[in-house]
Amino acid sequence: MHDQLRKSITALAFALSGGVIGAALAQIPQTPIAFKSDAPDRYVVVRGDTLWGISERFTDSPWRWPEIWNFNREQIRNPHWIFPGDAIVLDRASGRLSIAGRKPGDTGAPPTGDGDTGATGATGAAVTGAGESKPAPGDGGVVGTVKLSPRVRAESSARDAIPSIPPSAIEPFLSRPLVIEPDGLDNAPTIIATEDSRVIIEAGNQAYVRGMAGAKDENWFVYRKGKALVDPDTNVTLGYEAIYLGTARLTRPGDVATVRLTTVTQEVGRGDKLLPVGVPEVPKYAPHAPAVFMQGRVIGIYGGLGKVGEAGPQSIITLNRGRADGVEVGHVFALYRPGPLIADASASTGRKPVSFKLPDERYGLAFVFRIYDRVSYALVMRISKPVNPLDVVQTP
């Protein structure tokens with residue numbers, strides 16, 4: 001049952017094709033990348049930095065990060081090789097960034113600390129004084145002196161690697177269902193009754209669910225089908241947005257299972273659906289422009305009402321392009337406000353004014369972090385005006 005449900009919720013796509021990114025980007029005419037005049041010659045990475053933020057320190061084009069590092073596709077898929085304490089060096093002559101002490105093309109973790117020096121390595125290896133107790137001569141086995149020698153305690157630094165974008169901004173959206181196929185709710189576990197027959201239940205209340213027979217998952221999301229995601233260019237329904245209502249914990253399995261609501265963000269009642277909680281995984285993709293020209297539209301603002309609302313920095317927007325269109329996690333799109341049609345009476349033909357379309361106006365950037373077959377979700381990174389539904393997105 002749950003395998004069928006998982007299949008009905010369109011799968012995430014985190015696979016990228018092979019090849020060298022530099023050759024792919026050559027398909028798009030681009031101006032030479034320019035470093036900021038006040039870019040530092042050397043910058044030491046600190047905890048809380050992101051690939052986007054570091055790149056923005058050096059250039060106004062953070063999505064062109066792969067170019068200044070000569071990344072290939074494999075490195076873009078797993079760029080987590082920059083750690084707090086690393087020193088990033090700018091070579092102005094070659095227009096390239098590198099990490100001090102690393103060989104070109106080395107994408108491994110920094111070397112571990114040297115136990116003889118007593119230093120802590122970049123990988124989190126810490127030196128501790130571990131002693132060997134030896135009896136002093138003539139003491140009959142009584143411990144008189146303690147000889148200390150350094151030992152290395154190695155700790156994984158994977159958790160300290162610099163992410164592409166701020167994890168806190170997208171973590172809530174990585175495991176929650178965001179898009180549901182038109183028939184994706186048919187087999188979902190459904191609340192059929194509530195504690196004391198209440199119309200609305202809150203955190204701490206119980207609910208009774210059908211469709212959970214044999215379920216092994218303990219924690220569940222509660223949601224319901226939201227508004228249709230309609231492509232404004234084709235008028236085709238691409239799916240439905242899932243409205244997140246809260247979380248629940250399975251307390252008694254069975255044909256009619258019992259769950260207890262643990263958190264609630266909106267009212268919950270009969271007919272609402274449940275989906276097992278997944279494990280969120282922050283995207284590990286360096287920001288990069290699509291290899292070919294792409295164009296689409298903003299079809300929704302997460303939490304907005306249809307075509308009403310605006311999105312600011314760090315907001316989540318929905319795009320009408322997805323995996324089937326070649327969109328990848330890590331793609332950066334430029335945001336454009338469509339130019340309006342205006343009537344120019346001075347250029348009229350007879351009594352009818354001539355209409356002209358003003359150019360689209362670019363005003364920001366968005367980073368794609370989760371994709372479905374025909375829809376993707378992006379984090380608004382940098383804008384000079386609010387994002388509106390139906391705005392244009394395209395290769396920067």
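The values are calculated or read from the model by the stated rules, or taken from the named source; none is laboratory data. Keep in mind the model is a prediction, meaning the values are calculated, not measured. Every residue, glycine among them, receives a Cβ derived from its backbone with ideal geometry; neighbour counts consider all protein chains shown. These area figures cover heavy atoms from the full protein model, side chains too; ligands, DNA and RNA do not enter into them. Shrake-Rupley method; radii C 1.70, N 1.55, O 1.52, S 1.80 Å.
Observations on the structure shown:
- Test: residue in the stretch 75-90 that is of a type in the set (D, E, K, R), more than 19 Å from Pro287 (Cα to Cα) and modelled with pLDDT of 80 or more: yes
- In the condition set (1) surrounded by 21 or more Cβ atoms within 10 Å (Cβ to Cβ); (2) touching a residue at least 60 places away in the same chain (Cβ under 8 Å); (3) within 27 Å of the chain's Cα centre (by Cα), Leu245 is compliant with all but (2).
- Val256 passes every criterion in (1) more than 18 Å from Ser376 (Cβ to Cβ); (2) open to solvent by less than 20 Å² (accessible area, probe 1.4 Å); (3) in contact with a strand residue (DSSP E or B) (Cβ under 6 Å, 6 or more places away or on another chain) apart from (2).
- In the stretch 352-384, the residue that is modelled with the highest pLDDT out of those that are polar (S, T, N, Q) and open to solvent by 30 Å² or more (accessible area, probe 1.4 Å) is Ser384.
- Lys216 being in contact with a strand residue (DSSP E or B) (Cβ under 6 Å, 6 or more places away or on another chain) and modelled with pLDDT under 85: no
- Pro280 vs. criteria part of a loop (DSSP other than H, G, I, E, B), in contact with a His (Cβ under 7 Å, 6 or more places away or on another chain) and either at pLDDT below 95 or within 12 Å of Leu379 (Cβ to Cβ) (or both): no
- Tabulated pairs, the stretch 338-351, first under 30 Å from Arg297 (Cα atoms) and surrounded by fewer than 10 Cβ atoms within 10 Å (Cβ to Cβ), second modelled with pLDDT under 85 and of a type in the set (Gly, Ala, Ser), C-beta under 6 angstrom, 6+ apart or interchain: Leu341/Ser355
- For the stretch 263-279, a residue qualifies if it is open to solvent by 70 Å² or more (accessible area, probe 1.4 Å) and farther than 16 Å from Pro189 by Cα, and the qualifying residues are Thr265, Gln266, Glu267, Val279.
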